[in-house]
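Novice: Supplied in structure tokens, the structure appears directly below.
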Amino acid sequence: MGRKSLRLRLFPLVINITIIFVSGCINTQQQNQFITPPSENIEISLDAIQNKDVYKKITDKKFTNISDLQGDGHYSPYVRDFVSDVFGVVTLKRADGFYLQSVYPDNRQETSEGIFVLTNEIQKINRGDWVFVSGKVSEFYPGDISSGNLPITELDAQEIEIISNGNSLPEPVILGVGGRISPDKVIDDDQNKTFDLNDGLDFYESLETMLVQINDAICVGPSSSYKEFVVLGDKGINASGINSRGGITITATDFNPERIIVDDSLTSLPIVDVGDYFSKPIIGVVDYSFGNYKVQPFAKLEVVKGFLPIEVVKNNPNLLSVASMNVENLDITDPDTKFRQIATMIKINLNSPTIIALQEVQDNNGPLNDKETDATLTYRKLIKSILEINGPEYQFLDIPPVDDKDGGEEGGNIRVGYLIDKNAGIEISASNPGGPKDSVVLQKSDSGLSLNFNPGRIDPANYVFVDSRKSLILEFMYNGKIFFIINNHWNSKGEDSPLFGSSQPPILLSENQRKGQSKVIGKFVAEMLVSDPNANLIVLGDFNDFYFSEPLQFLEKNGLINLIFELQTNDRYTYNYEGNSQNLDNFFVSPNLKNSVKEFDIVHINSEFSYKTRFSDHDPIVVTFDIKPNQ
């Protein structure tokens with residue numbers, strides 16, 4: 001079996017030893033006390049232990065090291081093997097077993113000194129117990145092997161022998177200054193072929209199920225609906241990508257392996273926002289689930305609020321302002337508080353944009369799965385909520401989808417649509433909306449470009465829009481000039497494999513559909529700009545992809561300019577996923593319109609705040625244009 005034999009050594013201390021043989025039940029118990037000599041690292045002598053049986057049991061065991069079972073990799077070299085007398089101290093209990101950690105580590109950072117012991121029945125085992133465990137080594141895949149998750153090495157216990165109670169626990173490994181500093185850029189760079197502690201994937205594997213400590217933790221990911229949040233240690237001093245509001249932002253080459261999720265499986269956690277911090281260390285075990293390494297604290301945490309402010313735009317109310325805003329499955333059955341909150345954000349934080357391109361508006365009865373597709377009641381309730389706080393009067397425009405054909409929550413029929421300030425000088429040119437299956441066509445005349453349907457869907461029958469929202473184009477006039485705006489909500493990233501998963505680099509299955517959607521919209525854009533290089537075109541929305549991704553770069557290749565580049569790299573984010581600040585929402589303009597941009601602002605009112613307080617998981621974007629009237 002390749003087991004190592006170690007001679008036990010103890011530091012000066014007084015220990016109560018309890019001998020318990022466990023094979024389904026506890027049948028024997030003895031108490032003895034011994035004192036070791038006052039010098040460190042001294043082999044146990046017979047004089048130190050008055051009971052010869054206890055002495056013999058501790059010194060004669062040829063036990064199996066936990067580090068041998070873990071090995072220096074993601075898979076145990078002993079998987080499916082039966083191993084005897086795995087020795088360690090119990091660090092934490094769970095309903096289905098306990099965490100065991102080496103009393104005598106091998107001092108190799110590549111090999112974890114912890115393992116989870118799975119038991120079939122509740123055992124009379126407590127923290128601080130020294131135990132020998134015999135059983136079968138297995139690799140457990142959270143969510144099944146098909147999920148793309150990495151496995152956790154476990155020991156399926158068949159016999160447990162408790163030899164001592166009340167022992168001190170191993171000192172937790174500090175994640176950060178004074179301990180092991182995690183990689184800050186690379187999750188994996190070799191398709192997981194080489195075990196390298198400079199890769200985040202391997203760094204956390206080397207600590208699997210061990211006790212760790214995070215000092216001066218600061219939140220970079222708010223509490224999710226799963227009650228988890230994400231932190232950096234040492235207030236983020238060793239992190240790359242810190243943005244101006246205290247989060248940590250991704251780039252094309254850096255998905256921030258230094259962040260770590262704090263999970264609530266063993267204790268309840270406080271509700272936090274980005275910028276909240278902890279004055280006392282977070283101590284727990286390193287676990288893995290749902291594609292992420294996590295720390296499981298075993299004691300309640302006391303949070304110190306950072307009071308991150310909610311942003312307010314500073315745009316000129318006398319100019320044309322256009323916003324993109326994901327309202328996260330808004331429907332009339334949502335509580336009035338959500339509608340009032342959105343209305344307040346529109347009036348105060350976004351300063352009442354002239355045009356608001358909405359994503360994720362649901363039909364009149366939300367997730368009730370009947371034949372209803374119209375969303376008039378949902379729009380009217382939002383418009384009324386804005387009026388009730390003395391905001392502008394908006395009108396809405398959309399095209400209801402075919403029932404259950406646009407993806408999203410079953411029965412909800414989410415769609416993209418527009419709110420337009422009735423008194424802001426916007427003229428809807430030839431308002432003749434198309435149907436859900438009608439494809440809009442550009443028309444060219446002496447007076448310029450126009451649409452056969454307004455608003456209209458762009459190639460809605462194309463297979464790239466199967467079970468996905470159809471892009472909606474609107475033609476309007478402002479100060480005597482014609483404008484076009486395309487509202488998008490592309491295929492979600494839900495099919496992609498996790499960043500810390502078994503496939504490296506992650507497999508982006510969902511990107512294929514977005515590439516197709518990009519080609520359809522890019523072709524339409526190219527046709528417009530060839531017909532009229534001076535066209536005033538806006539392409540915005542929730543693209544479910546990053547500014548550096550191939551689908552969005554394709555839109556740039558077809559003549560559009562992404563205004564996200566107006567911001568510093570670390571401030572390019574509208575969304576927070578697992579602690580990574582990132583931009584899924586984008587705002588493109590045609591070259592002619594770029595010269596009229598006065599302000600570009602991502603308004604941080606949602607993504608950094610807990611699920612308890614925000615109304616959506618996306619931050620809106622507001623762009624202000626200075627459009628001179630035709631002379």
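The values are calculated or read from the model by the stated rules, or taken from the named source; none is laboratory data. From a predicted model like this one, the values you see are computed outputs, not experimental measurements. Positions of Cβ are backbone-derived with ideal geometry, glycine not excepted, and every protein chain shown enters the neighbour counts.
Novice: One residue is enough: does the range 270-284 have a residue meeting the conditions in contact (Cβ under 8 Å) with a residue 24 or more places away in the chain, crowded, with 21+ Cβ neighbours inside 10 Å, in contact with a Lys or Arg (Cβ under 8 Å, 6 or more places away or on another chain) and more than 24 Å from Thr613 (Cβ to Cβ)?
Specialist: For the range 270-284, residues in contact (Cβ under 8 Å) with a residue 24 or more places away in the chain, crowded, with 21+ Cβ neighbours inside 10 Å, in contact with a Lys or Arg (Cβ under 8 Å, 6 or more places away or on another chain) and more than 24 Å from Thr613 (Cβ to Cβ): absent.
Novice: Just the residues that are assigned to a loop (DSSP other than H, G, I, E, B) and either touching a Lys or Arg at 6+ places or on another chain (Cβ under 9 Å) or more than 18 Å from Glu113 (Cβ to Cβ) (or both), please, taken from the range 170-179.
Specialist: Of everything in the range 170-179, those that are assigned to a loop (DSSP other than H, G, I, E, B) and either touching a Lys or Arg at 6+ places or on another chain (Cβ under 9 Å) or more than 18 Å from Glu113 (Cβ to Cβ) (or both) turn out to be Gly176, Val177, Gly178.
Novice: Sticking with this structure for a sec: Residues Asn165, Asn120, Asn126: which one is modelled with pLDDT of 90 or more and out of contact with any helix residue (DSSP H, G or I) (no Cβ under 9 Å at 6 or more places or on another chain)? Please lay out each step first, then the result.
Specialist: Details: Asn165 fails: modelled with pLDDT of 90 or more; Asn120 fails: modelled with pLDDT of 90 or more.
Among Asn165, Asn120, Asn126, only Asn126 is modelled with pLDDT of 90 or more and out of contact with any helix residue (DSSP H, G or I) (no Cβ under 9 Å at 6 or more places or on another chain).
Novice: Look at the range 426-458 and say how many of its residues are in contact (Cβ under 8 Å) with a residue 60 or more places away in the chain and in a strand (DSSP E or B).
Specialist: Residues meeting the conditions: 4.
Novice: Something else about it: Determine, yes or no, whether Gln395 is polar (S, T, N, Q), touching a strand residue (DSSP E or B) at 6+ places or on another chain (Cβ under 6 Å), within 24 Å of Val623 (Cβ to Cβ) and not in a loop (DSSP other than H, G, I, E, B).
Specialist: It is true that Gln395 is polar (S, T, N, Q), touching a strand residue (DSSP E or B) at 6+ places or on another chain (Cβ under 6 Å), within 24 Å of Val623 (Cβ to Cβ) and not in a loop (DSSP other than H, G, I, E, B).
Novice: Let me ask something else about it. I'd like to verify a number: residues in the range 323-380 that are of a type in the set (Val, Ile, Thr) and within 22 Å of Leu540 (Cβ to Cβ), how many?
Specialist: Number satisfying all stated conditions: 9.
Novice: Let me ask something else. Can you name the residue in the range 290-335 that is acidic (Asp, Glu) and touching a helix residue (DSSP H, G or I) at 6+ places or on another chain (Cβ under 8 Å) and, of all such residues, is nearest to Glu228 (Cα to Cα)?
Specialist: Result: Glu311.
Novice: Looking only at the range 530-539, decide whether some residue is surrounded by fewer than 18 Cβ atoms within 10 Å (Cβ to Cβ) and either free of Cβ contacts under 8 Å to residues at least 24 places away in the same chain or within 30 Å of Pro151 (Cβ to Cβ) (or both).
Specialist: yes
Novice: From the list Ser244, Ser240, pick out the single residue that is touching a helix residue (DSSP H, G or I) at 6+ places or on another chain (Cβ under 7 Å), part of a loop (DSSP other than H, G, I, E, B), closer than 30 Å to Ile602 by Cα and in the same structural domain as Val186 (by TED's automatic domain parsing).
Specialist: Of Ser244, Ser240, the one residue that is touching a helix residue (DSSP H, G or I) at 6+ places or on another chain (Cβ under 7 Å), part of a loop (DSSP other than H, G, I, E, B), closer than 30 Å to Ile602 by Cα and in the same structural domain as Val186 (by TED's automatic domain parsing) is Ser244.
Novice: Determine whether the range 508-526 contains at least one residue that is in contact with a strand residue (DSSP E or B) (Cβ under 8 Å, 6 or more places away or on another chain), at pLDDT 95 or above, buried (at least 17 other Cβ atoms within 10 Å of the Cβ) and under 24 Å from Thr569 (Cα atoms).
Specialist: Scanning the range 508-526, I find no residue that is in contact with a strand residue (DSSP E or B) (Cβ under 8 Å, 6 or more places away or on another chain), at pLDDT 95 or above, buried (at least 17 other Cβ atoms within 10 Å of the Cβ) and under 24 Å from Thr569 (Cα atoms), so the answer is no.
Novice: Okay, moving on. Only one of (1) more than 21 Å from Pro105 (Cα to Cα); (2) not assigned by TED's automatic domain parsing to the domain that holds Arg108 fails for Pro142. Which number is that?
Specialist: (2)
Novice: Could you pull out the residue among Asn364, Asn369, Asn351 that is under 16 Å from Asp421 (Cβ atoms) and under 31 Å from the mean Cα position of the chain (by Cα)?
Specialist: Going through Asn364, Asn369, Asn351 in turn, just one is under 16 Å from Asp421 (Cβ atoms) and under 31 Å from the mean Cα position of the chain (by Cα): Asn351.
Novice: Moving to a separate point now. Looking at (1) crowded, with 18+ Cβ neighbours inside 10 Å; (2) over 19 Å from Val623 (Cα atoms); (3) not aliphatic (A, V, I, L, M), can you tell me which one Gln359 breaks?
Specialist: It is condition (2) that Gln359 fails.
Novice: Looking only at the range 182-197, decide whether some residue is part of a strand (DSSP E or B), crowded, with 20+ Cβ neighbours inside 10 Å and either out of contact with any Pro (no Cβ under 7 Å at 6 or more places or on another chain) or among the acidic types (Asp, Glu) (or both). Talk me through it step by step, then tell me what you get.
Specialist: Going residue by residue through the range 182-197, those that are part of a strand (DSSP E or B) are none.
Scanning the range 182-197 turns up no residue that is part of a strand (DSSP E or B), crowded, with 20+ Cβ neighbours inside 10 Å and either out of contact with any Pro (no Cβ under 7 Å at 6 or more places or on another chain) or among the acidic types (Asp, Glu) (or both).
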